[in-house]
1. Which entries of Lys107/Lys182; Lys167/Lys274; Lys40/Lys145 have Cα-Cα distances beyond 23 Å here?
2. Under a GNM of the chain (C-alpha, springs under 10 Å), which listed residue has the highest mean-square fluctuation: Glu241, Glu153, Glu80?
3. Hand me the trypsin sites (Lys or Arg not before Pro) from the range 95-193 located in a DSSP loop with no more than 12 other Cβ atoms within 10 Å, in residue order please.
4. Per q in 0.17 1/Å, what log10 I(q)/I(0) does a Debye calculation on the alpha-carbon atoms of the range 189-243 return?
5. Hey, can you find the accessible area per residue of the range 59-109 for me, probe 1.4 Å, expressed in square angstrom?
6. Of all accessible surface on the chain at a 1.4 Å probe, what whole percent is carbon and sulfur?
7. Can you give the Kirkwood hydrodynamic radius of the range 102-238 from its Cα pairs, in Å with one decimal?
8. In whole angstrom, note down how far apart the Cα centers of the range 201-268 and the range 40-97 are.
Amino acid sequence: MLKNIFICIFLLLTTTLAQVKVVTTTTVIYDLVKNVGGEKVEVDYLSRGDQDVHFLEILPSYMTKLRNADILFQIGLQLEMWAPQIIDGSRNSDLRVVYLSDEISPKEIPTTKVDASMGDVHPNGNPHYWLDPHNAKIMANEIYKELSLQSPENDSYFKKNLDAYLKKLDNKIIEWEGKMFKLKQKEIIFFHSSWIYFADRFGIKIAGYVEPKPGIPPTPSHNAEIIQLIKKKNIKLIVTEVFYSDSAPNQIASITGAKVLKVPTQVYGLENIKSYIDMMDYIVNQIISHG
C-alpha cells in the first residue's frame, strides 16, 4: 500500500515538473515562448539574432535540437526554406510543426506568378510580420494555444503568463505609437523589404530600398537612382539590418548626407537586445532620434 502511494506521488511530481520541449526558428519566437511558457517550457532556437533568417547553414546540431523536441515554432510564409531538411534529419516523427503566420494577415502577396527574376519574393506574402507589435500579440496567443494543447495541466499557468505579457506589450505599443507619431508620413530608405508591417503600423513611408530587388545585392546603377531619390525628396535616413553589409548604404550616405542606421530585427541582434521589447524599443528610439 505504502509503495503504491510513493509511486503515485512520484508520477504526480514527474507530471508537474515535466517541461514542454520547444525549438524555435528565430530568437523573436524564442523570447515569446519564454514569456508565455516560463518554467514549464524548455526552449532553444536555431537562427541567431545576428543572422539573416532567410539563409541558414544547416548543421548536425540543429537536427539534434529537434530530435527530442515536442514543438517547432516557425515564422512561416516560406521564410525558413531550410527548415524541412532539419526536420527530416531530426527523425522525430512526433514533432509538431507550428507556423505562427497562420493567424496573420500577410501583406505584399504577389498578384503574378513568382519567378527568380523577381528576387527573393515570397509567394504567400511578406514574412517579416513580427515587426508590427500587434502581430507579436497574435504570435504570443498562438504559442499559448499550442503549449496548452501539449501540456493541458498547465493551461492556467500559461494563460496567466500570456495575459501579463500582453498587458506589458500593450503598454509599450501605446508608448511606441506616441513616439512615432511625429514621424507620420516620414519617408525613409530601407535596405531590404522587411519593413512594410512596421511602416504600416507606425504610419511612415517606404521611399525605396537599397537592394534593387529583394535579396539582390546593390548595384551601382541602382545606388545612383537611390542617391537621386534621396536628394530630390531630402530623405534623412537609411535603415538597414545589422547582418547586411553597410558598404552601399555608407556610399550613398557619403554623397547625400543621409544617416545610416543599423538596427536588429531579432532578439540578440545586438549585445543589449535581450527581448522582443528591447528590440522594438531600440528600433523606435533610433528612428525617432535620427529621423
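The values are calculated or read from the model by the stated rules, or taken from the named source; none is laboratory data. Note that this is a predicted model, so its numbers are computed, not measured. Glycine also receives a Cβ, built like all others from the backbone with ideal geometry; neighbour counts cover every protein chain displayed. The protein model used for the area step is the full one, side chains on, heavy atoms only, and it has no ligands, DNA or RNA in it. Shrake-Rupley method; radii C 1.70, N 1.55, O 1.52, S 1.80 Å.
1. Values: Lys107/Lys182 25 Å; Lys167/Lys274 19 Å; Lys40/Lys145 14 Å.
Lys107/Lys182, as the Cα separations exceed 23 Å there.
2. Taking springs between Cα atoms under 10 Å, the residue moving most is Glu153.
3. On the way: sites: Arg96, Lys107, Lys113, Lys137, Lys145, Lys159, Lys160, Lys167, Lys168, Lys172, Lys179, Lys182, Lys184, Lys186; in loops: Lys107, Lys113, Lys184, Lys186.
Taking the range 95-193 and a limit of 12 other Cβ atoms within 10 Å, the loop trypsin sites (Lys or Arg not before Pro) found are Lys113, Lys184.
4. -0.53
5. Details: 2730 Å² over 51 residues.
Accessible area per residue: 54 Å².
6. Details: 7570 of 14210 Å².
Carbon-and-sulfur percentage of accessible area, whole number: 53.
7. Values: mean 1/r = 0.0571 Å⁻¹.
About 17.5 Å, per the Kirkwood formula over Cα pairs.
8. Taking the Cα centre of each part, the range 201-268 and the range 40-97 sit 31 Å apart.
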